[in-house]
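What follows is calculated from the coordinates using simple rules that are stated; it is not laboratory data. Fair warning: this is a prediction, and the values are worked out from it, not measured in the lab. Here the Cβ positions follow ideal geometry from the backbone for every residue, glycine too, while neighbour counts run over all protein chains shown.
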Amino acid sequence: MHQFSQQIFSGLAAGAIYASLALALVMIYRATELVNFAQGEMAMFSTYIAWSLVNGGVPFWAAFVITLVVSFLGGMAIERVLVRPVENAPVLAAVVVTIGLALIFNSLAGWIYSYTVQDFQSPFPDRPVLGALITTRDLGVIGVTLVMLFLLFAFFRFTATGLAMRAAAQNPESARLCGIPVGRMLAIGWGLAATIGATAGIMVAPVLFLDPNMMGGVLVYAFAGALLGGITSPLGAVIGGLIVGVTENLVGTYLIASQLKLTVAFALIILVLVFKPNGLFGTAIVRRV
Amino acid sequence: MNESATAVAADEHAAGRYGGLSVGAWRWIGALVLIGLAVVLPFGLSKYHVFELTLVMIYAIAVLGLNILTGYNGQISLGHGAFFAAGAYTAAILMHHYGVPYWATVPPAALICFVLGVLFGLPALRFEGPYLALVTLAMALATPQLLKYFDNWTGGQQGINLVKPLPPASLGIDRDRWLYFVALVVLLLAIRIAANMLHGRTGRAWVAIRDQPIAAAAMGIDTARYKTLAFGTSTAFTGVAGALAAIVIGYVSPEGYSLFLSISFLVGSAVGGIATIGGAIVGGLFIQFVPNLANDISDAAPGAIYGLAMLLFMYAMPRGVVGSLGPWLARSMRLIQPHRPDIQNK
């Protein structure tokens, strides 16, 4: 029983990271109906920026904040310069652009920082607490994720920019007629998604270690979490991410300890989706002919 | 040009004829010239280049399969590498464990992949857009792991080494050129079958479902049946390509069928031109040559060059090479005509 609770808690820590990245995917999807396949690699690149800052002697939390700001600006720039040309192109063209971006970031990181695995120090000590149920590091990861979620919620709920962004995502034409600069809102959305991704990357790097391919698996789980929760629902994305984290951990511990873990975890998620095709919290899209 | 010649040209245009021949006849001439080139080409190239072109044609068959599903039926698949692998392993297991001759492994590969595709297409009916992308992505990720797991059939991590087939002695050509012609014949057959299906009742039903699913159902199209059929047909094509790849390369192993392969197919289909048949060949060229070119340009960061190539292609031709150049060519053909016939006739 104790081991079971332990597995649940460490699953929640992994799940918090999937939840963050899932939230980033949902943000971009809601605004542009586009799954950003570069999200994981963007997060990886941000993490490298944080790593070089820390290595350069900047204190951890200062490096953390600088990285978030740089990621925000970088995300905006990517939207304005690279994604915008395919805004009105067929969906597949936009998908290919994000795949291309993922390749570019992966390759650039390997070129600049090499493919050697780097150690990334966690800001939280790794000590078991609460009767060895959870480590302080996992607790820290969950804490940072919760703070970030709360800030995002407050931003969308209580600020004028947040309201304008929701309007632009929900109905771009009407929003534009109300004087909301929809294009700029999209750019801010990409910036925020990059920032969320950067947080997830920095939190996950001490566990996975830092290398250019570290986010591949994480992105897939985040994608699964986002869809499990319902790709149109930010709250669903967070809950979905947490469920995926816990499921993955439990399947790995109790059901099957071999390389088939990923396959089994996915089979379970797909089974859920067969019965709830729009995810747990997503709304069915009603179409008119 | 004198008056009567102009009038003749105008009349010809009105009847859809150019230089005394119908558009259909010009198409046939164009196709025959291309086929003729494809037949002569291998004799002027080195063995390695012939091998590369063989792979181009094999990838083209796989992309054609994906195009049927994604382009004409609107279902995005990130998992066609799994069916490519299924076809490859069907061929490899039949040849290695049962001693079946190489040419006889292609139909079973098509059949098995068709059945797999239909089985997979049934639950996929409930998914659309990103959900289908996730489910197929999961399949692509699971493929190498499953291949390693059933190792008494698949040879596990080591894979299976195959004996490369010998050409018929009476032809007097070497092995690589023979396999080139085998692939060429299969590609031409695949294009013919795809064109027949796409230009007929089935293809129209697929396109209708893609563009207006509800209206299509209201018109009496059995959407579930046609969508599953699209899945099965698509995966059968890709499975055939996989079987050919196993025969031509002479080796299968789990690492060859990673997620990257599935993504390459999708990229190839977008770059060539989604919902075009000719786009599949451009896609095959892109998949085979652009990564190598990227390697030549930059040893340090080939992925960045490959990614950049994708971006540039999508910016310049968002509908793909054939999808964007086709309409442009048609416009240019019209410009060659001296006058618009409808004005001329008044």
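Values as computed for the structure displayed
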{"item": "Integer Hz, Karplus 6.51/-1.76/1.60 couplings in order for the range B:158-165, x for Gly and Pro", "result": "5, x, 10, 8, 10, 7, 5, x"}
{"item": "In nm, spacing of pseudo-spin labels at residue A:178 and residue B:103 (7 Å Cα→C-beta vector)", "result": "6.9 nm"}
{"item": "Most mobile listed residue (B:196, B:152, B:292) in chain B, GNM with C-alpha springs under 10 Å", "result": "B:152"}
{"item": "Positive-end residue, the protein assembly as shown charge dipole about Cα centroid, Cβ charges, pick of A:36, B:186, B:122", "result": "B:122"}
{"item": "Convex hull projection area averaged over all views, chain B, Cα basis, nm²", "result": "22.0 nm²"}
{"item": "Segments B:48-60, B:70-82, B:96-108 sorted - mean Cβ within 10 Å per residue, highest first", "result": "B:70-82, B:48-60, B:96-108"}
{"item": "Fluctuation leader among A:160, A:24, A:50 - chain A, Gaussian network, Cα springs under 10 angstrom", "result": "A:160"}
{"item": "Residue mean of other protein chain beta carbons inside 10 Å, B:297-308", "result": "6"}
{"item": "Tail beyond 17 Å, pair distance distribution of the range B:116-156 (Cα, percent)", "result": "42 percent"}
{"item": "Per-peptide average of other Cβ atoms within 10 Å, ordering A:194-200, B:251-257 highest first", "result": "A:194-200, B:251-257"}
{"item": "Mean-position separation - Cα centroids, the range B:209-263 and the range B:74-125, in angstrom", "result": "10 Å"}
{"item": "The range B:289-336: mean projected area of Cα convex hull, nm²", "result": "4.0 nm²"}
{"item": "Lysines whose Cα lies under 24 Å from that of residue A:261, excluding same-chain neighbours fewer than 8 positions away", "result": "A:276, B:148"}
{"item": "Descending Cα extents along the principal axes, the range B:239-330, whole Å", "result": "43, 35, 19"}
{"item": "About the Cα centre, charge dipole magnitude for the protein assembly as shown (Lys/Arg +1, Asp/Glu -1 at Cβ), debye", "result": "1300 debye"}
{"item": "Value of relative contact order over the range B:45-261, rounded to a whole percent, pairs C-alpha under 8 Å and six or more apart", "result": "47 percent"}
{"item": "Separation between Cα centres of the range A:131-206 and the range B:21-65, rounded to whole Å", "result": "51 Å"}
{"item": "Residue exposure sequence - A:192, A:271 - by fewest surrounding Cβ within 10 Å", "result": "A:271, A:192"}
{"item": "Most mobile of A:279, A:179, A:100 in a GNM of chain A (Cα contacts under 10 Å)", "result": "A:179"}
{"item": "Alpha carbon Rg of the protein assembly as shown, scaled by the compact-globule rule 2.2 N^0.38 Å", "result": "1.04"}
{"item": "For A:106-114, mean number of other protein chain Cβ atoms within 10 Å", "result": "4"}
{"item": "Sorted peptide list for B:232-245, B:168-181, criterion being average Cβ within 10 angstrom, highest first", "result": "B:232-245, B:168-181"}
{"item": "Compactness index (Cα Rg / 2.2 N^0.38 Å), the range A:2-275", "result": "0.99"}
